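Q: A single structure is presented below for examination.
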Amino acid sequence: MNKYIRLFFIKISFLLISINCFSQSDHKLVVDVSKTTATIQPTMWGIFFEDINLAADGGLYAELVKNRSFEFAQPLMGWKEQKQNGGSVLILNRSNENAANPRFARITVKGSKPFVITNEGFRGMGIREGNSYIFSIWAKNNAIAQGKVTVNVTDSSGNKIGETSFIIDSKNWKKYNLSFQATATVLKAKMNLQLENPGIYDIDMVSLFPKDTWKERPGGLRKDLVQMLADIKPGFIRFPGGCIVEGRDLTNRYQWKKTVGNVEDRQLIVNRWNMEFASRSTPDYFQSFGLGFYEYFLLAEDIGASPLPILNCGMACQFNSAEAVTLDAIQPYIQDAIDLVEFANGSVQTKWGKLRASMGHPKPFNLTMMGVGNENWGPQYIERLAVFTKAVRAKCPGIKFVNSSGTDPSGERFDFLNGELRKMNADLIDEHYYRPPEWFLQNAKRYDHYDRGSSKVFAGEYAAHGPGNGENKSTWLCAMSEAAFMTGLERNADVVSMASYAPLFAYVDGWQWAPDLIWFDNLHSYGTPEYYVQQLFSNNKGDVVVPITSNDSVLAGTDSLYASATVDKKANELIIKIVNASRQEDVHQLDIKGVGLKENKVSVITMNGALTIRNSLENPTLIAPVSSMMEMDKDKLRISLPPYSFKVIRVKLM
Ligand code: AHR
């Protein structure tokens, strides 16, 4: 065979190999980097925090003592007296001198033996060997007695794993601060106060914190949980919810002014999730507000997220009491919003700016937006919203407002609100969807036909709810469906300015709502598959959207394929997100048009697995992103998509 014939055969076999490479697919994918279709807002991917599932007290807020100020409905809930030694506890109320924190415990110690009172923590206290713990208490010694108190932490067998002591030496209320080092790691420890000498003692604000909080702030937040939030690199953080904003009735609504200043002056109230679901009743769920609005703003700043507080506009939860304030009584709600802007942004000379400074943050927090109402609906909402927005806008012109479109992404309530809000030129409309995974797969084009010149969308609460009841339902099917849907949000970034999965946190032994993004016990935490999907979208956001098509059509479900493409201008990289929601492996040729490529190495992150896979405390990363490298052939990339997979591909541009 002469060399020409040989060459001919080599070429033919190459051709056959390449045909074979791409023959499993009907798709030739094209990305045109020269065409920008939308600008992505820095706020695009954010997080939704609500104190549900013990997310604040017992969760992010690192306080280990439950019912530290005896203000729960049952004042000794969480506490146990060891009565065998004599002595007693009496709960007293001094509401005339301290309306926010009226109760305290009076302990009478009789006889020669010490009296012990034990706190069980939030279903135990997580204690780590070698770590320091800060104990504090407000106390008063009524009779002149020696007043020695030993504080220890014990494991389930009663073994001491840390101890300190002090003397209550004052007849007046005085704060005592102590610390000790733990000698063992225990998931569900208890704390005992042993009053050694006969006498009468008053105690309040009994507290135990790890020293090792986020940024080592005294009385701060759980480090591992904040780190998980920081790792998402969220564009915003919405707080404090959720339905908790509304309250079951108006007296139970979230009032930010009661959550700032000294912690001992923050008035505890019941958490609405305490009794919301009979099957997940949580009688010990209250809000101490140790994690209050100042701490939320600080958290936002720490993790580089824009703060998005949601305020009550005079309406309680419409699934519960549906109480609404009369229009002539709405002024205090408006004033709360105006004062909040002053608290966040005002100079230190102003009343609320001064309070912010006194709490440790003289610089403003740069608040630029607020939500008005959570899942409120009906003409009563529109009526209150109009009055509220007009008044707040007049005083705070730089603030953008997020408005509710109710509880569902379609139906009468949604259609009414969506129409009214667009007529009012709402800045941002908050849409919520808790739907089966199929809904997410079928709705990847939801925003393709929205009016580009009207109000923007905030996909403020969403999660795919798969099958399964009374358990953690965060499977790969849910996460993959959300990833597919999120490519549609990203492709429509000119309409969708913000999005957040909900809810964020759940405590394994005390949750009310599932699925959730992050689960934790007293010492550990893990991200669900959804967590990693959120992280991948946010960490690979890009600045502008460019088209990725197959046969000139967007990839939004045809042949179970979903994709979006963006350009990160600073890194000068093309980012492609692509989901194969079918059970077949898919191989595609991707052509990149409109720009030269800097190098032929391409980084790829893949998530894939069986649809039923989920992570757990025992197997926290059973499904998690896996990084690899691929090579381009000129401006073409052969991408193979395993069954049920999500890939993020980054290509360096010239
Ligand atoms: O995310 C849990 C709840 O779902 C929120 O509190 C509420 O807004 C929605 O109904």
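Q: If I filter segment 639-651 down to residues being part of a strand (DSSP E or B) and either modelled with pLDDT under 95 or touching a helix residue (DSSP H, G or I) at 6+ places or on another chain (Cβ under 9 Å) (or both), which single residue comes out as most open to solvent (accessible area, probe 1.4 Å)?
A: If we take residues in segment 639-651 being part of a strand (DSSP E or B) and either modelled with pLDDT under 95 or touching a helix residue (DSSP H, G or I) at 6+ places or on another chain (Cβ under 9 Å) (or both), then Ser640 is most open to solvent (accessible area, probe 1.4 Å).
Q: Within segment 198-223, take every residue that is open to solvent by 30 Å² or more (accessible area, probe 1.4 Å) and farther than 20 Å from Arg128 by Cα and give me the one that is nearest to the chain's Cα centre (by Cα).
A: Checked segment 198-223; the qualifying residue nearest to the chain's Cα centre (by Cα) is Ile200.
Q: Would it be correct to say that Met480 is away from the ligand (no atom under 16 Å from the Cβ), under 18 Å from Tyr531 (Cα atoms) and either open to solvent by less than 30 Å² (accessible area, probe 1.4 Å) or in a helix (DSSP H, G or I) (or both)?
A: Here the answer is yes, as Met480 does meet what is asked.
Q: Condition check: within 16 Å of the ligand (Cβ to nearest atom) and outside any loop (DSSP other than H, G, I, E, B). Does Glu461 satisfy that?
A: Judged against the criteria, Glu461 is a match.
Q: Among the residues of segment 336-357, what is the count of those that are in contact (Cβ under 8 Å) with a residue 40 or more places away in the chain and open to solvent by 40 Å² or more (accessible area, probe 1.4 Å)?
A: Number satisfying all stated conditions: 1.
Q: Pro234 is checked against (1) away from the ligand (no atom under 16 Å from the Cβ); (2) farther than 18 Å from Leu504 by Cα; (3) surrounded by 23 or more Cβ atoms within 10 Å (Cβ to Cβ) and fails just one. What number does that condition carry?
A: Of the numbered conditions (1) away from the ligand (no atom under 16 Å from the Cβ); (2) farther than 18 Å from Leu504 by Cα; (3) surrounded by 23 or more Cβ atoms within 10 Å (Cβ to Cβ), the odd one out for Pro234 is (2).
Q: Cβ-Cβ under 8 Å, sequence separation 6+ or interchain: first residue in segment 420-437 and within 14 Å of Val372 (Cα to Cα) and open to solvent by less than 10 Å² (accessible area, probe 1.4 Å), partner of a type in the set (Asp, Glu) and within 16 Å of the ligand (Cβ to nearest atom). Which pairs?
A: Asp430/Glu461
Q: Same structure again: Any idea which residue in segment 267-291 is surrounded by the most Cβ atoms within 10 Å (Cβ to Cβ), counting only those that are of a type outside the set (Phe, Trp, Tyr) and in contact with a Lys or Arg (Cβ under 6 Å, 6 or more places away or on another chain)?
A: So the residue we want is Arg272.
The values are calculated or read from the model by the stated rules, or taken from the named source; none is laboratory data. Just so you know, these numbers come straight off a predicted model, no measurement behind them. Neighbour counts are summed over all protein chains in view; Cβ atoms, including those assigned to glycine, are modelled from backbone coordinates with ideal geometry. When the accessible area is computed, the model is the full protein with side chains, heavy atoms only, and any ligands, DNA or RNA have been set aside. Shrake-Rupley method; radii C 1.70, N 1.55, O 1.52, S 1.80 Å.
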